[in-house]
Amino acid sequence: MKKLIMLAPVLALSACMYGNPANYERYFGNADISQIDWTRVDAEASACQYNWFGFIPTGNRSVARAVEQGNIARIAYIDSDTVVLFPLFIAECTNVYGERTVEARERDERIAAERAARRAARNPRPPIMQPVSNEE
């Protein structure tokens with residue numbers, strides 16, 4: 001019986017024992033975001049770590065993973081989000097903002113051009129109407 005009583009606190013505390021620090025605020029909490037050139041920021045990416053039922057961790061919330069997913073060449077700002085529905089679910093996410101890589105920009109431009117070509121093929125423009133004259 002004592003073992004069952006001790007199992008609940010052990011499961012509840014196990015969520016606090018895994019992974020990275022609870023948040024990155026102690027590292028980036030004093031960042032002066034007014035010094036960031038936000039006009040150059042054109043990419044945003046997140047990497048999340050999920051903790052199910054307090055003791056089943058999944059995912060990776062590293063900065064490197066977020067940069068890789070977002071194709072970010074230069075990091076401008078990093079922050080974190082945490083969603084807690086304790087003890088069922090905890091999500092900790094690292095958000096990275098920065099400039100996209102050249103390859104990502106070229107890929108996005110190519111995709112936009114392909115979409116425009118498909119849209120033009122689906123909806124062809126009607127022929128231009130010529131004015132009617134009575135001269136023959």
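Summed over the range 37-54, the residues that are over 16 Å from Asp79 (Cα atoms) and of a type in the set (A, V, I, L, M, F, W, C) give a count of 2. If only residues of the range 61-79 that are touching a strand residue (DSSP E or B) at 6+ places or on another chain (Cβ under 7 Å) and surrounded by fewer than 15 Cβ atoms within 10 Å (Cβ to Cβ) are counted, the one that is nearest to Arg107 (Cα to Cα) is Gln69.
Report, by residue number, each residue of the range 105-136 that is of a type outside the set (D, E, K, R) and modelled with pLDDT of 90 or more.
First, the residues of the range 105-136 that are of a type outside the set (D, E, K, R): 111-113, 116-117, 120-121, 123-124, 126-134.
Scanning the range 105-136 gives Ile111, Ala112, Ala113, Ala116, Ala117.
Here's a check for you: in the range 32-63, which residue that is touching a Lys or Arg at 6+ places or on another chain (Cβ under 8 Å) and of a type in the set (Gly, Ala, Ser) is nearest to Ser80 (Cα to Cα)? For the range 32-63, the residue satisfying everything is Ala47. Looking across the range 107-136 at every residue that is among the acidic types (Asp, Glu) and under 25 Å from Asn71 (Cβ atoms), the one that is least open to solvent (accessible area, probe 1.4 Å) is identified as Asp108. Figure legend. Inter-residue proximity from the range 93-118: first residues in contact (Cβ under 8 Å) with a residue 40 or more places away in the chain and farther than 14 Å from Asp42 by Cα, second residues in a helix (DSSP H, G or I) and open to solvent by less than 50 Å² (accessible area, probe 1.4 Å), beta-carbon distance below 7 Å, spacing 6+ or different chains. Indicated pairs: Thr94/Val63; Thr94/Ala66.
Going through the range 30-69 one residue at a time, which ones are assigned to a loop (DSSP other than H, G, I, E, B) and either charged (D, E, K, R) or without any contact (Cβ under 8 Å) to a residue 24 or more places away in the chain (or both)? Listed by number, the residues that qualify are Asn30, Asp32, Asp37, Asp42, Asn60, Arg61.
Quick check, is Ala120 outside any strand (DSSP E or B), of a type in the set (Gly, Ala, Ser) and more than 21 Å from the chain's Cα centre (by Cα)?
On the way: outside any strand (DSSP E or B): yes; of a type in the set (Gly, Ala, Ser): yes; more than 21 Å from the chain's Cα centre (by Cα): yes.
The answer is yes for Ala120.
Among the numbered conditions (1) part of a strand (DSSP E or B); (2) of a type outside the set (A, V, I, L, M); (3) in contact (Cβ under 8 Å) with a residue 40 or more places away in the chain, the only one that Asp81 does not meet is (3).
The values are calculated or read from the model by the stated rules, or taken from the named source; none is laboratory data. Predicted model, so just to flag it, every value in this text is computed and none were measured. We place every Cβ from the backbone using ideal geometry, glycine too, and count neighbours over all the protein chains shown. Just the protein is used for accessible areas: all its heavy atoms, side chains included, with ligands, DNA and RNA removed. Shrake-Rupley method; radii C 1.70, N 1.55, O 1.52, S 1.80 Å.
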